[in-house]
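Any read-out appearing in this document is the output of simple, stated calculations on the displayed coordinates, not a laboratory observation. Given the structure is predicted, the values throughout are model-derived calculations rather than measurements. Every residue, glycine as well, gets a Cβ built from its backbone with ideal geometry; the counts of neighbours run over all protein chains shown.
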Amino acid sequence: MVGAAVEGERRAVDAEAALEAIAAGDMDALEWLYRELRVPVFAVALAITADRGLAEDVLQETFLRVSTRARMYRPGSTPRAWVVTIARNLALDAVRSRRRELPDEAVAKAAVPPVAAGDDQAVAGLTVTAALLALPASERQIVVLHAVADLTHAEIARTLGMPAGTVRWRYRVALGRMETILEGSGHG
C-alpha cells in the first residue's frame, strides 16, 4: 500500500509540473497530462452525461480548457481534482444544454456500444456500466470520482459541495445498490 501512496504522490507532483509547463505553452506536457487523466475524465463525463458521444466531447473540451486555463491552477492543490472538476462542470453544462435541445426520453437513454458475441469481458464491463448508470446521478458521480478518478472522499466533498460524511455514506449506499443490481443480473 505504501508503494501505491508513493506512486500517487509522484503522479501528483508530475501533474503539477505538467500544468506549470502547459501554462508556459508546452504542448508535450498537455499530451502527457491527457494520457494520465483521460480515463478518469471520460469516466466522470460518462457518469454525468450517460451518453458516450457527449462524454467524448466533454473529454476533448476538458483538455482544451486545461490548455487555456493552466495558469489559473493554484500550485499545492490537487491537479487531478482540478482537472476532474473542470470535466464535471463541463459535463453538467452539456446535460443542461442537451435537456433544452432534446425531448426527455432522448436525454434519458444511455448510449451503450455494441458488443461482439462471446466477448465475456465486454459483457461484464457493460453490466457494470449498466449498474452504474442505474444509480441516481449524485451517487454515480461519487462512485466514479472515487473509484475511477481516484479522488479522496474529502476531495469529492469539496468538489460536490457536501459534507465528507455524506459522501462516504452515499458511496457505501451506491456500492450496495450496484451489488444488488449485479447479483440480479447474474454477474455478482
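If amide H atoms are built 1.01 Å from N in the plane of the peptide, which residues on other chains or at least 5 residues away come under 5 Å of the amide H of Asp150?
none
Sort 47-55, 133-141 by packing, meaning the average of other beta carbons within 10 Å per residue, with the highest value first.
By packing density, highest mean first, the sequence is 47-55, 133-141.
Quick one: what are the phi-derived ³J(HN,Hα) couplings along region 149-155, Karplus 6.51/-1.76/1.60 with θ = phi - 60°, whole Hz, x for glycine and proline?
Ordered by residue, 3J(HN,Hα) equals 7, 6, 7, 6, 4, 5, 5 Hz.
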